[in-house]
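Structure first, then comments.
Coordinate-derived values only; no laboratory data. Fair warning: this is a prediction, and the values are worked out from it, not measured in the lab. Cβ sites come from the backbone with ideal geometry, for glycine too, and all protein chains shown count toward neighbours.
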Amino acid sequence: MHRESVSINAVISVVRDYLVLVMIAALVAITAVIEPKFMSGANLVNIMRQFGPLIMVSLGMTFVIIGGFIDLSVAGTINLVAVVTISLIQPLGQVPALLIGLTIGAVCGGLNSALILSSGALTQAEALFITFGMSTVYSAIALLYSGGSTMHFWDISASKSVFEAIGGGNVGFLSVSFVIFLVCLALLWVFQTKTSEGRAICLTGGNKTAARLAGVQVSRAIVVIYMICGLMAGVGAIVLFSRITTAAPVIGAGYETNAILSVVVGGTTLKGGKGSVLRTVMGVLLVILMSNCLDLLGVSSYLQYAVKGAILVFAIWLDNRKQA
Amino acid sequence: MDTVGSEVILTIKGVSKSFPGVRALDGVSVDVRRGTVHGIVGENGAGKSTLMKILSGVYQKDSGKVVFDGQTIEHTTPQESMHRGLAIIYQELNLVNTMSVGENIFLGRFKEMKGMRGTHAKAGELLESIGCKISTSKLVSELSVSEKQMVEIAKALSFKSKLIIMDEPSSSLTGEEMCELIKIIHQLKAQGISIIYISHKLDEIFDFCDIVTVMRDGHVIDTKPKVDFTRDDLITKMVGRTIENEYPERPRCAGDTLMEVQSINTHKLHDISFTLRKGEILGLVGLVGAGRTEIVRALYGADKVRGHRVLIKGKPVTIRNPKEAKDAGFGFIPEDRKLQGLVLPFSVESNISMASISNFSKFGFIRKSLEKGIGTRQVKALNVKTPSTRVPVRNLSGGNQQKCIVGRWMEISPSIFIMDEPTKGIDVGAKYEIYSLMKEIAERGGAIILISSELPEVLNMSNRVLTIFEGRITGEFDPESTSVDKIMKAALGIVGGCA
Amino acid sequence: MNRSGIGESLYKLATKQKAFIAILVMMGGMLFSGTNFYTVYNLLDMLNSTSILLILSFGVTLTIVSGGCDLSIGGILVVSGITAIKLLDFMPIWLAILCAVLFGAVVGFINGFLVVKQKTEPFIITLGMGLLLTGIAQQLTDAHPIPAKNPDFMMIGNGDIFGVPNLVLIMLVCFGISFWLMRYTQFGRNLYAIGGDYDVARYSGIDVIRTKWIGFVISGAAAGLAGVLLSSKLNTGSSVYGELTALVVNCGVVVGGTSFAGGIGGIPQSALGLLVFGMLDNVMNMLNISSYYQVMLKGTVIVGIIWLDCFANKRRREFV
């Protein structure tokens, strides 16, 4: 065995793994120096607030990617969950509306997995097209349901206290949404690393054929990953519209890109099998910090979109080199 | 034909080649003469295909000299080799399935042939010259193996090859198709083209080869005109040791009927029914593509098959997917361990524990300590050579990787163990270990269904053999008391010699 | 054989000629619609509208046949269109167009590098590239469409020669060139070989890296050209048309019979596949279907097509 090269390789892979942390630290340092407003209390609160919707969606996306697939339908799911939930607060009450909203998210995910399984799609590319198509379908349903109009909290006379709490409330010195995030993170982390179903998902992503032949229930794993992704998209939608107190049928636009970006940047490989929700948290943090810094530095949001695309390309390339 | 005096077209002198941990070729020297059919025999792992890959440019030799048609050959590529007149026809066949016959023959030479019309015209000519009547516009995916081989031969001829290497060409041919091939070989010989014919089937070697080289463990043992060899002589030189030491004593533990399979029917299989007894090793013998793997996959639920019945201990069992098969007591070693058996980037431990996850989880939660125990236990029991159970399984050698898959199933002690090519690409030492393991399993009451392309392996280890031909069971034999010829005839379907 | 011969051949026909059947179904349906579908004006207009997508598809076909795909065409489309319009202020039309096409070729070159040399998965990396370019396009236009000020430029996309729209003529020329390329040149045949079996192609001495790479460059250039034509037609540079376009074009190529697996299909097949989408758009407009439903229908069709493609592959495959 070549001992020398093994240890050098180990060093390189450690560096690559922590590249994200390093980049975050560098970005923070640079921006703090250039723009002192960065470290202000208001800005930090702002950062924490942006955490909510994106992190929820990204956590769900992590599972799909670990399972070896991809989900481009989250934007559509968010649109649908948002408009339906907000519209049901008045007639049904906030708790039923909330539950229905989450169910819709899970159903969208379940539908995605049903299509993928029934067609026998095996590759990420096929899943990409199917879920993208479904995104347009879900978005269109959202548009039709809402008639294209946006609903606001001030239109609703019934109690919205739960949503208001999610949107702006506090538990101690932490925001409610942050607590929800911590709870979701804990549950998902335990699920991924410590349960047999979580292991089944990793194995499915590692080698679908081998997993199946070893008796792992691959089909069930696929349903689970998409339902989790749909459910978390639903959670993200609720946090989102609670925060901005309105739900437009296009509210979810761009979330699929940001979510995939967060997962990939965080270090979870697109090839599947390996990864972690904790890494995704780091990825989201980086994406949000980056947006925040670029905002403070006066970079237009369009250019930021382009930068994100560039980083996605770079991150995928880097991920590819790592796996080779 | 007097071959002794004819000119040498290929000289191999002192060629050696090593891979990490394995010395594949050690000082190999051989001369091939013009216009002869030169057979190379040897067991799996003897070094035959490594040598051929060096000649054709896929591998580069570490040392030694190769002289072809007067030219000394150093570093070369497959394409250069073809242009030089040295063609090789692989067992896996080097054709693009989605393209036509004509285009395949002139792959990459479209311009030279002046486009589609020129390509098909010349291709048609070449095929006719070997008596093949396939239309050049037919897609390769629609051809039978024998027809594909003819396309490959036409391709070799298109390069005006002086030497054509055929690597195990007969493994998927019927008796008739084999006759066709022999006819073509004689034709090529008459044209002054030399043929290197690689095989481990002695009958073919004795049938139409002029000179025979025996290889074993990376060495050339002997090279003589065929007539100077006797069959026993050849076998002894091939194997190098008495056959008894290659396999453990055959287990004789067959007991009551354990499983009954009734009427498996798919578009490839026809009315497959058989029984399996406790403690028995049942061998499935047949050509590549006859349907052996399809049978076990249908049984194991890996392929969607309906309409058949499986009875285990007299009770009907429904198996629609591998999980249900596993629950019913099956174990399954797939044909291709890298693609179908292992998750290569995952640890040895994970790969071994894959099938027994429910054994080390409680209420859905994994107990890491129990999983670790499984890994260490199987690595020890099967003597898997690995620095630790945490390393990625891709770092292990083929034999040790295979042992991991075996260990995976040993952990749950299946009562019906399906093994599809369990010793493919494994060194002799590891093979013996796996044979011993099979014996142990049989002695403990487990039943094994064994598929192998190594006829000696199946014949030496099985208690009973089923011959499969074109999706049908053509015979059931006791390998101890039946002649190899009789079994092979049943496996080849049609009886009869050549014109 | 379990299945009846007729049933099996019908099934084969259905999956191989999905595009043809889809078109027949739509044309049949429109017979009873009482609209102006069956007029020369409408049919020509339909062809005109689809021309730009067709040009895109010719380029993409090269990448898909060789085993990859190109989802960045939407991004290239919008950026090159905007670039052309902006450059019109400084240089003659032909030069501006050339620059735009070259831009597309450069992006294709980068795509090729990442996919072929760096061996990255094409679908995700070209998707990322497309997003990057869309962002750039939005930045360049500040999300407001930029009007062109050059009437000659507008004529390219909107004029006609003897009643046949310029776009259709340009599209036909592109069709001819790419058809010849794929069917009658070594380069084209090599693309098929690479898509059919990468290793066999490599062993046969085909320069797989260079060939596949050039395929991406051409795809990018075609997208660049399409972008210019689109800007000319709309007489503005807009960033709007990016995302769905890439999906629609890639799907259209698959519908026509060029599978993502590579090695099969071709230009005429892709053209037929895109015509399905072109006709679908036209039919939906004729039937006055609201734009909300239109998007949903298109999405449904995309899902349906890919689903069918996968399902057909599943039946062909023996193993998981």
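For this structure, a couple of remarks:
- Percentage relative contact order, chain C, counting C-alpha pairs under 8 Å, at least six apart: 34
- Within segment B:87-159, the GluC sites (Glu not before Pro) that combine a DSSP coil assignment with at most 15 other C-beta atoms in a 10 angstrom radius are B:Glu92, B:Glu112.
- Computed Kirkwood radius, in angstrom, where 1/r is averaged over Cα pairs of segment A:193-245: 12.4
- Ranked for footprinting exposure by Cβ neighbours inside 10 Å, fewest first, C:Tyr184, B:Tyr247 give C:Tyr184, B:Tyr247.
- Cβ-based net charge around C:Val115, under 10 Å, with every Lys or Arg adding one and every Asp or Glu removing one: +1
- Two-site FRET efficiency, A:Ala114 against C:Val106, from Cβ-Cβ distance with R₀ of 51 Å, rounded to 0.05: 0.75
- Taking amide hydrogens as placed 1.01 Å from N in the peptide plane, the amide H of B:Ile449 sits under 5 Å from those of B:Leu282, B:Phe417, B:Ile418, B:Met419, each at least 5 positions away in sequence or on another chain.
- B:Gln191-B:Lys268 pseudo-label distance in nm [points 7 Å out on the Cα-to-Cβ vector]: 3.4
- Karplus (6.51, -1.76, 1.60) ³J(HN,Hα), θ = phi - 60°, over segment B:345-352, in Hz, Gly and Pro reported as x: x, 7, 5, 4, 4, 5, 5, 6
- In this simple spin-label approximation, C:Arg183 and B:Asp336 carry label points 7 Å from Cα along the Cα→Cβ vector, and these lie 3.5 nm apart.
- Radius ratio Rg over Rh of segment A:40-252, counting only Cα atoms, Kirkwood formula for Rh: 1.01
- Net charge of Cβ neighbours under 12 Å - reference B:Gly108; Lys, Arg +1; Asp, Glu -1: +2
- Amide hydrogen neighbours beyond the local backbone of B:Phe469, cut-off 5 Å, H modeled: B:Thr474
- Nitroxide proxy distance, nm - points 7 Å out along Cα→Cβ at C:His144 and A:Ala158: 4.3
- Annotation for segment B:259-276 versus segment B:296-314: alpha-carbon center distance of 8 Å.
- Structure-based [θ]222 nm, chain A - -39500 (n - 2.57) summed over DSSP H runs of at least 4, per residue, nearest 500: -26000 deg cm²/dmol
- Chain A: most fluctuating residue of A:Leu117, A:Leu80, A:Leu289 per GNM, C-alpha cutoff 10 Å: A:Leu117
- GNM result for chain A, Cα springs below 10 Å: residue of A:Gly109, A:Gly148, A:Gly252 fluctuating most strongly: A:Gly148
- For segment A:23-90 and segment C:106-181, distance of Cα centres in Å: 32
- Other residues with beta-carbon under 13 Å from the beta-carbon of C:Tyr203 carry, at +1 per Lys or Arg and -1 per Asp or Glu, a net charge of -3.
- Choice from A:Val216, A:Val281, A:Val74 with maximal GNM fluctuation in chain A (Cα, 10 Å cutoff): A:Val216
- Relative contact order computed over chain A (Cα-Cα under 8 Å; 6+ residues apart), in percent: 33
- Distance violations [Cα-Cα > 28 Å] among B:Lys122/C:Lys314; B:Lys53/B:Lys155; A:Lys274/B:Lys323; B:Lys114/C:Lys212; B:Lys133/C:Lys212: B:Lys122/C:Lys314; B:Lys133/C:Lys212
- Entry note, chain B: relative contact order of 15 percent, from Cα contacts under 8 Å with a spacing of 6+ residues.
- Distance from the alpha carbon centroid of segment C:72-104 to that of segment B:117-142 works out to 48 angstrom.
- Label zone of B:Asp222 (point 7 Å out along Cα→Cβ, amide N under 14 Å): in segment B:18-51 this covers B:41-42.
- Backbone geometry of segment C:22-27 corresponds, through the Karplus equation with coefficients 6.51, -1.76 and 1.60 at θ = phi - 60°, to 3J(HN,Hα) couplings of 4, 5, 4, 4, 5, 5 Hz, x marking Gly and Pro.
- Taken one residue at a time, the phi angles of segment B:477-488 give Karplus couplings (6.51, -1.76, 1.60, θ = phi - 60°) of 9, 9, x, 6, 10, 9, 6, 4, 4, 4, 5, 5 Hz. Gly and Pro are set to x.
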